[in-house]
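Here's the structure we're looking at; comments come further down.
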Amino acid sequence: MKEFKGRVLNGGYFKGEAVVSHQGVNTLASFQSSAIMHADKVKIADQNNPDIFQKNVTGKALCLPQTIGSTTGGMVLQVICSMGINPSCLLFSEHIDSLAGAGVILSVVWENSELIAIDQLGQEFLDTVRSGDIIEVTEDGTVRIL
Amino acid sequence: MAYRHKMKLTPAQVDILEGKQGAVKAKVMETIVRYGDMFEATELVPVTHGEGHLVTSFGLSLLKPVYRIMDELISAGLKVEEGFTIDPRPYDPENVSYNPLDRLMYSKILYGAQESYEKQLAQLGLKSGDSFTCTCYYPEIGNVPDKGDVLSWAESSAVNYANSVLGARCNRNSGMIELFGSIVGFVPKFGLLTDEGRKARWKVTVNTTKKPLPQILGSAIGIKVMEDVPYVVGLDRWIGNELTDECKSYLKDFGAATASNGAVGLYHVENVTPEAREFGETLLCDGYNEYVIDDAELERVYRSYPVMWKHPEKKGTIAFVGCPHLSSTQLEEWADRILDGLKSGDRRKVACQTILCTPVPVRKAFENTEKYALLRKSGVEVTSICPLMYTSNPLTKSRRIMTCSNKLRTYSLARYYKDDELLAIITGKEE
């Protein structure tokens, strides 16, 4: 078991599957299609991200360095949270970026979302965790790869 | 109980946070303060260029949370006092050919909330019906901040341009955050609002044998530096030192590609952009990274773009030019090149549906010209929509959309072509 500690942006408990992107996740390109299609799961649609392209992230822990792309990003995250099809956790190896940060806050303040967000887990976290790993996240920002 | 903020707030700001100007404004303020705290902002600073720019211009039916918040803001009597511009409309049945199914999809299903959303926008401070463009900084639109102005804008390409070419200060705000900052008149001081945050972590040397295409150069840099600030040297050799219309159009397209292929909010170009002219290489951080771009590197990046069409062997059916919107100079150039290409190939009509996108005031002025009449005769459509929103329609997925915009390529299934390649296809010179 490997353990990592990050900064808690919005805390909570989670145990479940990890989906890992080693490159920045483009929120608009990744989530928009599923939202438009009123899908019951988010299937990543970003053609430029082979790590997670076409993977289901709903209810899972999305592990990533940061998000990138359009400034609709935060709002898109808010929308998928309001639809209840969001990843349960966002686990950032780096400092959260301004678009994802906005999305987390909009979801928490305006949607009462329980989206868990932890950042600054470090590069070693992203180098260690693999898609499909079962991980446990606790309130204090500890992430365990089981 | 009011949110326990970490940053320094003035007594007036605390009053807003504690609800002394109403519960909804308190919630707006809480969002802004939490946002700042997340980024270790030291304080909230006044927005000095009060005209906002919003990214969310489309009445997508699924954006229910946005409409609900808008209603709350309107009910509380909140608005952007100095008004705002906003990204392009998604649908233009007057100037773009749609089949009946598309019309139904855009007007009733996909963007069925457009009319009611635009009413909300008007109540919140939308300047006019001509204000729908991603390039609000063109003189024809007039939302042009001064160097050093603090903004509360979104739209990655507009923020990128305002920071880099105009020398204004704005973070890469998300949709809704930009509206909230414009309403309360304050934004958190962090990142690109600080001198330190505007320093470059990358020195990018352009070492090409010809003028690089802005869309590919920007893409290469965006992919490499992600959200860092690049300091670009060697580009002035190709684009000159003066911020002419041509140079600004180049930087607009270059910047949009850095912002969409990466997350660049600010770039400096040696001897060209205002801060690079003023401070030179002192803008480079200690221990900066280096990236050298030559012809081979640009070709490598270009070749790496995936073709997402179901039948990549077939010809494209729709060509989009103008993401971000074409400037009047660019619109004239594309018109000339298409008309010249048709003439030299002895063709009367373009070979595929061809859509040029430009802001409403630029289009209206262009519509009075003879060139516009010739273009229309050749089948070219000139509109002010957002091409990306056109591609949001699931029915377009099988249409083999072509573009010379790296932003559109990134966010859709559109295939990227270099300008000359796309022109050859449009004018029927390439099968």
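The values are calculated or read from the model by the stated rules, or taken from the named source; none is laboratory data. Note that the structure is predicted; figures quoted are calculated from it, not measured. As a convention, Cβ positions derive from the backbone with ideal geometry for all residues, glycine included, and neighbour counts pool all protein chains shown.
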Report whether or not B:Glu43 is over 11 Å from B:Val184 (Cα atoms), under 27 Å from the mean Cα position of the chain (by Cα) and charged (D, E, K, R). no
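Do we have any residue at all in segment B:81-101 that's more than 23 Å from the chain's Cα centre (by Cα), over 21 Å from A:Gly73 (Cα atoms) and surrounded by 18 or more Cβ atoms within 10 Å (Cβ to Cβ)? It would help to see each step written out before you state the result.
Looking only at segment B:81-101, we keep the residues that are more than 23 Å from the chain's Cα centre (by Cα), and these are B:81, B:94, B:97-101.
Checking the rest, the ones that are also over 21 Å from A:Gly73 (Cα atoms) come to B:81, B:94, B:97-101.
Going one step further and asking which of them are surrounded by 18 or more Cβ atoms within 10 Å (Cβ to Cβ), we end up with none.
No: zero hits.
Could you please find all residues in segment A:50-82 being more than 10 Å from every other protein chain (Cβ to nearest Cβ) and either in a loop (DSSP other than H, G, I, E, B) or more than 14 Å from the chain's Cα centre (by Cα) (or both)? Please lay out each step first, then the result.
Here is the first cut: in segment A:50-82, the residues more than 10 Å from every other protein chain (Cβ to nearest Cβ) are A:51-52, A:54-64.
Once the filter is applied, which keeps residues that are more than 10 Å from every other protein chain (Cβ to nearest Cβ) and either in a loop (DSSP other than H, G, I, E, B) or more than 14 Å from the chain's Cα centre (by Cα) (or both), segment A:50-82 yields A:Asp51, A:Ile52, A:Gln54, A:Lys55, A:Val57, A:Thr58, A:Gly59, A:Lys60.
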Every residue from segment A:1-40 that is more than 21 Å from B:Phe39 (Cβ to Cβ) and of a type in the set (Lys, Arg): A:Lys2, A:Lys15
Subset of segment B:33-46 (residues that are buried (at least 23 other Cβ atoms within 10 Å of the Cβ) and more than 9 Å from every other protein chain (Cβ to nearest Cβ)): B:Val33, B:Gly36, B:Ala41, B:Leu44
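Residue-wise test of (1) within 30 Å of B:Gly112 (Cβ to Cβ); (2) in a helix (DSSP H, G or I); (3) polar (S, T, N, Q); (4) in contact with a strand residue (DSSP E or B) (Cβ under 8 Å, 6 or more places away or on another chain).
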residue: B:Gly19; (1), (2), (3), (4): no, no, no, no
residue: B:Ala26; (1), (2), (3), (4): no, yes, no, no
residue: B:Thr31; (1), (2), (3), (4): yes, yes, yes, no
residue: B:Arg34; (1), (2), (3), (4): no, yes, no, no
residue: B:Leu44; (1), (2), (3), (4): no, no, no, yes
residue: B:His53; (1), (2), (3), (4): yes, no, no, yes
residue: B:Ser57; (1), (2), (3), (4): yes, no, yes, yes
residue: B:Leu62; (1), (2), (3), (4): yes, no, no, no
residue: B:Ile69; (1), (2), (3), (4): yes, yes, no, no
For segment A:105-127, enumerate the residues that are out of contact with any Phe, Trp or Tyr (no Cβ under 8 Å at 6 or more places or on another chain) and surrounded by 14 or more Cβ atoms within 10 Å (Cβ to Cβ). A:Leu106, A:Ser107, A:Val108, A:Val109, A:Trp110, A:Glu111, A:Ser113, A:Glu114, A:Leu115, A:Leu126
Would it be correct to say that B:Asn261 is touching a strand residue (DSSP E or B) at 6+ places or on another chain (Cβ under 8 Å) and either small (Gly, Ala, Ser) or farther than 24 Å from B:Glu333 by Cα (or both)? no
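Residues checked against (1) of a type in the set (Lys, Arg); (2) closer than 17 Å to B:Leu422 by Cα; (3) not in a loop (DSSP other than H, G, I, E, B):
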| residue | (1), (2), (3) |
| --- | --- |
| B:Leu298 | no, no, yes |
| B:His311 | no, no, no |
| B:Lys314 | yes, yes, no |
| B:Ala319 | no, yes, yes |
| B:Cys323 | no, yes, no |
| B:Leu326 | no, yes, no |
| B:Gln330 | no, yes, yes |
| B:Leu342 | no, yes, yes |
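Quick one: which strands (runs of 3 or more DSSP E) lie wholly within segment B:140-251 and hold at least 2 residues that are away from chain A (no Cβ under 13 Å) and free of Cβ contacts under 8 Å to residues at least 60 places away in the same chain?
On the way: elements: B:186-188, B:200-206, B:230-233.
Passing ranges, in order: B:230-233.
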Which numbered condition trips up A:Gln47, out of (1) at pLDDT 90 or above; (2) within 11 Å of chain B (Cβ to nearest Cβ)? (1)
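Which of the strands (runs of 3 or more DSSP E) contained wholly in segment A:83-139 include at least 1 residues that are within 14 Å of another protein chain (Cβ to nearest Cβ) and closer than 25 Å to B:Ile69 by Cβ? Even if it seems obvious, please write down each step before you answer.
Working: elements: A:89-92, A:116-119, A:134-137.
Strands (runs of 3 or more DSSP E) meeting the threshold: A:89-92, A:116-119.
Is one or more of the residues making up segment B:251-260 over 23 Å from A:Asp46 (Cβ atoms), modelled with pLDDT of 95 or more and among the polar types (S, T, N, Q)? Please lay out each step first, then the result.
Of all residues in segment B:251-260, those over 23 Å from A:Asp46 (Cβ atoms) come to B:251-252.
Then drop every residue that is not modelled with pLDDT of 95 or more, which leaves B:251-252.
With among the polar types (S, T, N, Q) added as a condition, the list becomes none.
No, segment B:251-260 contains no residue that is over 23 Å from A:Asp46 (Cβ atoms), modelled with pLDDT of 95 or more and among the polar types (S, T, N, Q).
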Cβ pairs under 9 Å, 6+ apart or interchain, first in segment B:48-63 and in contact (Cβ under 8 Å) with a residue 12 or more places away in the chain and at the interface with another protein chain (Cβ under 9 Å from one of its Cβ atoms), second part of a strand (DSSP E or B) and buried (at least 24 other Cβ atoms within 10 Å of the Cβ), ordered by first then second residue, are B:Val55/B:Ile86; B:Val55/B:Trp153; B:Thr56/B:Ile86
The conditions are (1) more than 15 Å from B:Phe186 (Cβ to Cβ); (2) in contact (Cβ under 8 Å) with a residue 60 or more places away in the chain; (3) touching a helix residue (DSSP H, G or I) at 6+ places or on another chain (Cβ under 6 Å), and B:Met70 fails exactly one of them. Which is it? (2)
The lone condition B:Cys134 fails out of (1) within 11 Å of chain A (Cβ to nearest Cβ); (2) under 26 Å from B:Phe279 (Cβ atoms); (3) touching a Pro at 6+ places or on another chain (Cβ under 7 Å); (4) part of a loop (DSSP other than H, G, I, E, B) is (2)
Of the residues in segment B:354-379 that are of a type in the set (D, E, K, R) and surrounded by fewer than 21 Cβ atoms within 10 Å (Cβ to Cβ), the one that is nearest to B:Cys134 (Cα to Cα) is B:Lys364
